[in-house]
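The values are calculated or read from the model by the stated rules, or taken from the named source; none is laboratory data. Note that the structure is predicted; figures quoted are calculated from it, not measured. So basically every Cβ, Gly included, is an ideal-geometry build from the backbone, and we count neighbours across all protein chains shown.
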Amino acid sequence: MFRPTGFADLAGRRVGIFGYGVEGRATEARLRLVGAECVLVDDDPAAGVLVTDRGGLEALATCAAVIKGPGIPRRRADVLALEREVAVVSALDLWLHEVDRRRVIGVTGTKGKSSTTALIDFALRCLGETSQCLGNIGQPPYDPAVDTSEGWLAVEISSFQCVDVTVAPATVVVTSLGADHLDWHGSLAQYHHDKLSLTRAAGPHVTLVPTNRVFVEQRDQLGGEVIAVAADETGLAVSLHLLGAHNDQNVALALAAVANATGRTIADVRRAVVERADDFVALAGRLTLVATLERDGHRWRFVDDGLATAPLPTIAALAVFVDDPVALIVGGFDRGVDYEDLANAVRARVRPTTVITTGSVGDRIGRAITAVAPSVAPYAARDLDDAVDYAHRALIDGGVVLLSPAAPSFDRYRNWEARSADFARVTRDVINRSLGRDSNP
């Protein structure tokens, strides 16, 4: 069976694109450059291309190869059946076969991968190097609109993509390992196996992981030259305006990745970052302070952690505000993850904690919390307006209104950005009402 190892192998051939989202459109543009004939297929009729169960799958079977988008589950029955007819590959893997992988730093992990990718890019620029952020944090690296011919390429890679990568970047970073996307991967063990498959891909590479028990237990799943990196203890994360102890680990991994890639010492990289720390702009949706309300001697902080779409980052967010009363807004789309650890984190809190649930998974999160912490009575909000309003009123003497959903947004919102934007809007409305202002002057 013909199996391409680069986009050039597909020149003049009939090629299927299975999944026509952002990645699919970038793949089509790349294939057009090599003169490929593209067959476009998506599960969603609204995509405006052939529909999978309305002749699309049969059309893909007539292609020389099929490039599957990351949103299509790897082990879905129709994908496995298609593979018996034609090679099913990924655009990211084709790109990695063609690019100079010595210039690529791949970053994955359950939480922290976007922040760490941004930190790597920033540290490289502090050293005077040319760099760009690609992948989930930016544009697909194979998009013809992106020039990857020179400079460093910091690429955020999801678990959906890891499973289809067969050759590794020269530097691989795994930020953390928890539970996520179980509906896609099938089980927690399979998710861990798929996530860490990036480290086991072919080619010489260094794999950087945190020094914690999780990665010790997963040692047999790790490939490459494995280096465990201890959390930074210099306070650099604070200088970079990053909240939470978990960012000490992200900073350390970023420094180590840049040092490994460039041949500098970690001390040299840290010095360069310290000199320009004030220039770093933290990514939106990651413990971002949206607004502060001060009234009658009390203070309320409204914090957007909207990119926390799994329990692990939400647990980390709670740890940041260990000394504050917190009204935690959780919920969204239910993709089958276990919320026991999050429930235990809520139970372990000493300061007052109110839980507000939203979305299709809200009821399940609420039950998990009540099972271990009967004194916590989660409030099921109708929508985000209701959730933020209730959270504010629950914090009578002030505290932190924390949107850290522990679930994806697409039960009600297009993406996490839309949910975070709505949180900011509702926050403004709540503050204006509290201060007796017109919300729409």
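Observations
- Criterion: touching a helix residue (DSSP H, G or I) at 6+ places or on another chain (Cβ under 8 Å) and either modelled with pLDDT of 95 or more or in the same structural domain as ALA189 (by TED's automatic domain parsing) (or both) - qualifying residue of PRO325, PRO311, PRO378: PRO378
- Contacts under 8 angstrom Cβ, first residue in the range 333-351 being under 13 Å from PRO311 (Cα atoms) and part of a loop (DSSP other than H, G, I, E, B), partner charged (D, E, K, R) and at pLDDT 95 or above, 6 or more apart: ASP334/ARG364; TYR339/ARG364
- Filter result for the condition that a residue is crowded, with 21+ Cβ neighbours inside 10 Å and closer than 26 Å to THR288 by Cβ, over ALA252, ALA261: ALA252
- Restricting attention to the range 418-430 and to residues that are in contact (Cβ under 8 Å) with a residue 24 or more places away in the chain and surrounded by fewer than 20 Cβ atoms within 10 Å (Cβ to Cβ), the residue that is farthest from SER114 (Cα to Cα) turns out to be ASP429.
- Pick from the range 84-117, criterion at pLDDT 95 or above and of a type in the set (Gly, Ala, Ser), ranking: surrounded by the fewest Cβ atoms within 10 Å (Cβ to Cβ): ALA87
- Any chance PHE7 is touching a residue at least 60 places away in the same chain (Cβ under 8 Å), surrounded by 20 or more Cβ atoms within 10 Å (Cβ to Cβ) and among the aromatic types (Phe, Trp, Tyr): yes
- In the range 279-306, the residues that are touching a Lys or Arg at 6+ places or on another chain (Cβ under 9 Å), crowded, with 24+ Cβ neighbours inside 10 Å and in a loop (DSSP other than H, G, I, E, B): ASP305, GLY306
- Residues in the range 122-139 that are of a type outside the set (Ser, Thr, Tyr), surrounded by fewer than 24 Cβ atoms within 10 Å (Cβ to Cβ) and not in a strand (DSSP E or B): 10 in all.
- The range 362-417, residues that are in contact (Cβ under 8 Å) with a residue 40 or more places away in the chain and within 16 Å of GLU340 (Cβ to Cβ): ILE365, ALA406, ALA407
- So ALA345, is it surrounded by 14 or more Cβ atoms within 10 Å (Cβ to Cβ), in the same structural domain as ALA237 (by TED's automatic domain parsing) and either in contact with a helix residue (DSSP H, G or I) (Cβ under 7 Å, 6 or more places away or on another chain) or among the β-branched types (Val, Ile, Thr) (or both): no
- Taking the criterion of being out of contact with any Lys or Arg (no Cβ under 7 Å at 6 or more places or on another chain) and either of a type in the set (D, E, K, R) or under 30 Å from GLY6 (Cβ atoms) (or both), the residues of the range 100-113 that qualify are ASP100, ARG101, ARG102, ARG103, VAL104, ILE105, GLY106, GLY109, LYS111, LYS113.
- The listed residues are ASP44, ASP53, and the only one of them that is among the charged types (D, E, K, R) and in contact with a Phe, Trp or Tyr (Cβ under 9 Å, 6 or more places away or on another chain) turns out to be ASP44.
- Members of the range 236-249 found to be at pLDDT below 85 and surrounded by fewer than 19 Cβ atoms within 10 Å (Cβ to Cβ), listed by number: HIS241, ALA245
- Complete set of residues in the range 109-121 that are of a type in the set (Val, Ile, Thr) and in a loop (DSSP other than H, G, I, E, B): THR110
- Pair list, Cβ under 8 Å, 6 or more apart: the range 253-271 residue among the polar types (S, T, N, Q), other residue assigned to a helix (DSSP H, G or I): THR262/LEU124; THR262/VAL269; THR265/ALA259
- Top-ranked residue of the range 16-64 - restricted to ones that are crowded, with 23+ Cβ neighbours inside 10 Å and among the aliphatic types (A, V, I, L, M), ranked as farthest from PHE160 (Cα to Cα): ALA36
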